[in-house]
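A.B. asks: To start, I am sharing the structure in question, which I have written as structure tokens.
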Amino acid sequence: MKTYRIAVYPGDGIGPEVTAEAVGVLRAVEAKLQRFSLDCTELPWGVEWWRKTGQVAPDDFLQVLRPFDAILLGAVGWPAELPDHLTLAPLVQLRQSFDQYACVRPARLLPGVKTVLAGKGPAEIDLVVIRENSEGEYVNVGGRFHVGHPDESAVQTAVHTRRGVERVLRFGFEMARSRRHRLTMITKSNAQRFAYVLWDEILEELRGQYADVQADKQHADAAIMNFVRSPERFDVVVASNLFGDLLTDLGGILSGGLGLAPSSNLNPERRYPSMFEPVHGSAPDIAGQGIANPIAAILSAAMLLDWLGELEAGRRIRTAVERVLAEGQTTPDLGGRLTTAEVGRRVAEAV
Ligand code: GGG
């Protein structure tokens, strides 16, 4: 029987609560199928670790994570004690160092779940955003000078490479081939004339190699409007790091709420472990109350199993989630009365 080594990084706020349920569901599917075993190691990093050591994660955290087959992350951030850019730093470093350049964030409205959009249902809301995850607006390039003076300044530089743009677009084209053969690239090339014009040019170069995919492009402002006005126009959406982040919070809300939105950070060449995490953050306002929705974390665990090749296991989890949601067994964010642990248990039982 194959054994997978899984690093579990619950993080801060509601991260530990939702991650515990995701691990519970992983255990349930492992026990049910008896086809693989999971060797899970929990890593107590985040604000709690910082309270004890003065660091959010140890200096060697990348070396610690490197041997694992996959990483399951909860959420990071506890702004009352530590600025978000410090708690987020290991997450961004992880994505970049492990070359997890394809961040896959599906936004699919499941049956029985309400969307904020009037007149739209599961047939209209089924898209996937591929967020470039290794460079763009998230590179740590820039600086501040005259700090503390009236003329203090800050420079933050984005870096978009031909290699980085091309590989994420190719990943999007390939995914479009497995779906509805549509790809929409999101930039702001009318105003940002260097980087996003490079994106435009690379799309034109690749288009001919994927003639079976209908590829178009939209500026980010129009795309935001169109996500709301006509989500059915989108199938696979490819966007830069920052635009992808913005669009996927919106995608989460369109598909019922951020408590349902999973994601994966993939290194498609499998040279490094890939990472799976809910799109949502640490939600300090509801942390510790036992009401956070664990479904996004559970669906992220299903994506993890898919990535490891355990497709039957991933499918079972998704089917169980759909059943539980269709029966209205939900946390308060979706109008139900169940706790985080109760929803996790129902999904585990349905597996
Ligand atoms: N689930 C991971 C998490 O806590 N994300 C919070 C967040 O703000 N992430 C920023 C990003 O993904 O760029």
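The values are calculated or read from the model by the stated rules, or taken from the named source; none is laboratory data. Since this is a predicted model, take the numbers as computed values, not measurements. Here Cβ is always computed from backbone atoms with ideal geometry, including for glycine, and neighbour counts include all displayed protein chains.
A.B. asks: For segment 252-269, which positions are touching a Phe, Trp or Tyr at 6+ places or on another chain (Cβ under 9 Å) and more than 13 Å from the ligand (Cβ to nearest atom)? Don't jump to the end; show me each part of the working.
C.D. replies: Narrowing segment 252-269 to residues touching a Phe, Trp or Tyr at 6+ places or on another chain (Cβ under 9 Å): 254, 262-268.
Matches in segment 252-269: 254, 266, 267, 268.
A.B. asks: Something else now. I need every pair where a residue in segment 269-298 that is among the charged types (D, E, K, R) has its Cβ under 8 Å from the Cβ of a residue that is at pLDDT 95 or above and more than 16 Å from the ligand (Cβ to nearest atom), sequence separation at least 6 or different chains.
C.D. replies: Within 8 Å, the pairs are 269/99; 271/99.
A.B. asks: Within segment 271-330, track down each residue that is part of a loop (DSSP other than H, G, I, E, B), acidic (Asp, Glu) and away from the ligand (no atom under 16 Å from the Cβ). Show your work before the answer.
C.D. replies: As a first pass, look at segment 271-330 and keep what is part of a loop (DSSP other than H, G, I, E, B): 271-273, 279-294, 308-310, 327-330.
If we keep only those that are acidic (Asp, Glu) as well, we get 285, 310, 327.
Once the filter is applied, which keeps residues that are part of a loop (DSSP other than H, G, I, E, B), acidic (Asp, Glu) and away from the ligand (no atom under 16 Å from the Cβ), segment 271-330 yields 310, 327.
A.B. asks: Is there any pair with a first residue in segment 14-28 that is within 16 Å of residue 342 (Cβ to Cβ) and a second that is among the acidic types (Asp, Glu) whose Cβ atoms are under 8 Å apart and which are 6 or more apart or on different chains, and what are they?
C.D. replies: Note: pairs meeting the criteria are 28/349.
A.B. asks: Mind listing whichever residues of segment 1-59 are acidic (Asp, Glu), surrounded by fewer than 24 Cβ atoms within 10 Å (Cβ to Cβ) and either closer than 16 Å to residue 86 by Cα or not assigned by TED's automatic domain parsing to the domain that holds residue 347 (or both)? It would help to see each step written out before you state the result.
C.D. replies: Let us first name the residues in segment 1-59 that are acidic (Asp, Glu), namely 12, 17, 21, 30, 39, 42, 48, 59.
In the following step, the residues that additionally are surrounded by fewer than 24 Cβ atoms within 10 Å (Cβ to Cβ) were identified as 30, 39, 42, 48, 59.
Answer for segment 1-59, where residues must be acidic (Asp, Glu), surrounded by fewer than 24 Cβ atoms within 10 Å (Cβ to Cβ) and either closer than 16 Å to residue 86 by Cα or not assigned by TED's automatic domain parsing to the domain that holds residue 347 (or both): 48, 59.
A.B. asks: Further question on the same structure: Kindly list the number of the only condition in (1) away from the ligand (no atom under 16 Å from the Cβ); (2) assigned to a strand (DSSP E or B); (3) of a type in the set (Gly, Ala, Ser) that fails for residue 7.
C.D. replies: If we test residue 7 against (1) away from the ligand (no atom under 16 Å from the Cβ); (2) assigned to a strand (DSSP E or B); (3) of a type in the set (Gly, Ala, Ser), just (1) comes out false.
A.B. asks: Report the residue count in segment 124-159 for those that are under 22 Å from residue 249 (Cβ atoms) and not in a strand (DSSP E or B).
C.D. replies: Taking segment 124-159 and keeping what is under 22 Å from residue 249 (Cβ atoms), we get 124-139, 156, 158.
Those still in the list that are not in a strand (DSSP E or B) too: 124-125, 133-135, 137-139, 158.
Residues meeting the conditions: 9.
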